[in-house]
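A.B. asks: Here it is: the structure, laid out below.
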Amino acid sequence: MKDHRLINGKEVQQRLLTGLRAEVDALAATCPVGRLVSISIGPSPEVAVYVRGQARGAVAAGIPFDEQVWPADISQEEAKRRIVALNDSRDVAGIILQRPVPAHIHVRSLQSAIHPLKDVEGMNPASIGNIVYNDVALAPCTAAAAVELLRSTGLELKGLEVVMIGHSEIVGKPVAFLLMAEGATVTVCHHMTRNLAMHSRRADAVVVAVGKAHLIGADMIKPGAAVIDIGINQVTDADGKTRITGDVDTEAVKEVAGWITPVPGGVGPVTVAILMRNALAAHRRQMAAGWLDH
Ligand code: NAD
């Protein structure tokens, strides 16, 4: 039987991608969306899984996907030079820099080299800065996905009491700013927070991005609250089998929460759809800036 407390990330993904497809198709005759370039530095099976998911999302949205694997020993200078060339290519709508990168590559410097109008992952410091000014069109994908899932519950975000657990640059902090832009009252907790449960128990919605399996138990959630689990952890069961789990004890929390996102199948699929939404937003911004004029 379908459990209505579990939010189906795949369904949210499909709804978003279907809407995007219509917009992308409508642009085809006048100003078609350029390609989305994925850069992996060196081969990595772990990265390849993400890239496959993104490629599928791009096909569904009707956006051309260009998967590039650059040599593992590419120099920082050459990688930067190639990124600048992509910035200057009119047929490139957006650039994704897959992580992790080899140790000799300075990832933040490369992220900063991606032009803000092509920064579909929302990782350039300029993009993060825009969020502070409530300009949220190119937000980091995972953070925007968490907000989209919270919105899918139908809860009014204005005035909502949200506790964000985790304060990283790419997830926790952007989630807090995106929700503030929606009018939510946000408390941010982290590893130095004194009594985590005291904060989480009074929240209408709890968003968790820590990276610790089973950090959040049923006694930490207010009955009826929404729980968005961003964590990805690999755990090994007693029988030696490994599986992926989030930061929330889903089975237990499901009994008290009003809504909860499963892991896998919650935030992950929606993140891919947001990446495509960002690609379209980037394309529209390039149009507005006159970059695509003939
Ligand atoms: P990070 O390591 O950069 O940050 C972890 C955060 O958790 C920090 O703010 C830290 O203060 C906080 N923290 C650590 N222990 C804590 C505790 N006991 N109580 C409260 N807070 C605590 O991690 P990140 O990059 O933000 O990623 C967090 C998790 O989200 C990871 O599991 C990661 O794999 C996952 N993630 C998922 C996606 C996705 O698409 N679903 C994307 C990015 C990250």
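The values are calculated or read from the model by the stated rules, or taken from the named source; none is laboratory data. This is a predicted model, so every value here is computed, not measured. Please note: Cβ atoms are built from the backbone with ideal geometry, for glycine as well, and neighbour counts cover all protein chains shown.
A.B. asks: Of everything in the range 147-165, what is surrounded by fewer than 19 Cβ atoms within 10 Å (Cβ to Cβ) and either within 12 Å of the ligand (Cβ to nearest atom) or in a strand (DSSP E or B) (or both)? Give them in sequence order.
C.D. replies: Scanning the range 147-165 gives a single hit, E161.
A.B. asks: What is the number of the single condition among (1) outside any loop (DSSP other than H, G, I, E, B); (2) surrounded by 16 or more Cβ atoms within 10 Å (Cβ to Cβ); (3) in contact with a helix residue (DSSP H, G or I) (Cβ under 6 Å, 6 or more places away or on another chain) that I128 does not meet?
C.D. replies: In the conditions (1) outside any loop (DSSP other than H, G, I, E, B); (2) surrounded by 16 or more Cβ atoms within 10 Å (Cβ to Cβ); (3) in contact with a helix residue (DSSP H, G or I) (Cβ under 6 Å, 6 or more places away or on another chain), I128 misses (3) alone.
A.B. asks: A follow-up question, please. From I74, I83, which residue is under 17 Å from Q111 (Cα atoms), of a type outside the set (S, T, Y) and in contact with a helix residue (DSSP H, G or I) (Cβ under 6 Å, 6 or more places away or on another chain)?
C.D. replies: Answer to the check: I83.
Listed here are the residues, each with its yes/no results for (1) at pLDDT below 95; (2) in contact with a Ser or Thr (Cβ under 6 Å, 6 or more places away or on another chain); (3) not hydroxyl-bearing (S, T, Y).
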{"site": "R5", "(1), (2), (3)": "yes, no, yes"}
{"site": "A22", "(1), (2), (3)": "no, no, yes"}
{"site": "A26", "(1), (2), (3)": "no, no, yes"}
{"site": "C31", "(1), (2), (3)": "no, no, yes"}
{"site": "S38", "(1), (2), (3)": "no, no, no"}
{"site": "G53", "(1), (2), (3)": "no, no, yes"}
{"site": "V59", "(1), (2), (3)": "no, no, yes"}
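A.B. asks: Here is a follow-up. Give me the helices (runs of 4 or more DSSP H) completely within the range 1-117, filtered to those with at least 1 residues that are touching a Gly at 6+ places or on another chain (Cβ under 8 Å) and more than 21 Å from A137 (Cβ to Cβ), ordered by residue number. Before the answer, list the steps.
C.D. replies: Details: elements: 9-27, 45-61, 76-87, 107-113.
Counting at least 1 such residues, we get 9-27, 45-61.
A.B. asks: Out of the residues in the range 166-185 that are away from the ligand (no atom under 14 Å from the Cβ) and not in a helix (DSSP H, G or I), state the one that is surrounded by the fewest Cβ atoms within 10 Å (Cβ to Cβ).
C.D. replies: G183
A.B. asks: Follow-up question, since we're still on this one. Scanning for something among the basic types (K, R) and buried (at least 23 other Cβ atoms within 10 Å of the Cβ), does the range 102-115 turn up at least one residue?
C.D. replies: no
A.B. asks: Filter the range 257-294 down to residues that are among the charged types (D, E, K, R) and touching a residue at least 60 places away in the same chain (Cβ under 8 Å) and give me whichever is farthest from the ligand (Cβ to nearest atom).
C.D. replies: So, considering only residues that are among the charged types (D, E, K, R) and touching a residue at least 60 places away in the same chain (Cβ under 8 Å), the one farthest from the ligand (Cβ to nearest atom) is R285.
A.B. asks: Would you kindly identify the strands (runs of 3 or more DSSP E) lying entirely within the range 186-294 that contain at least 1 residues that are surrounded by 22 or more Cβ atoms within 10 Å (Cβ to Cβ)?
C.D. replies: By residue number, 205-208, 226-229.
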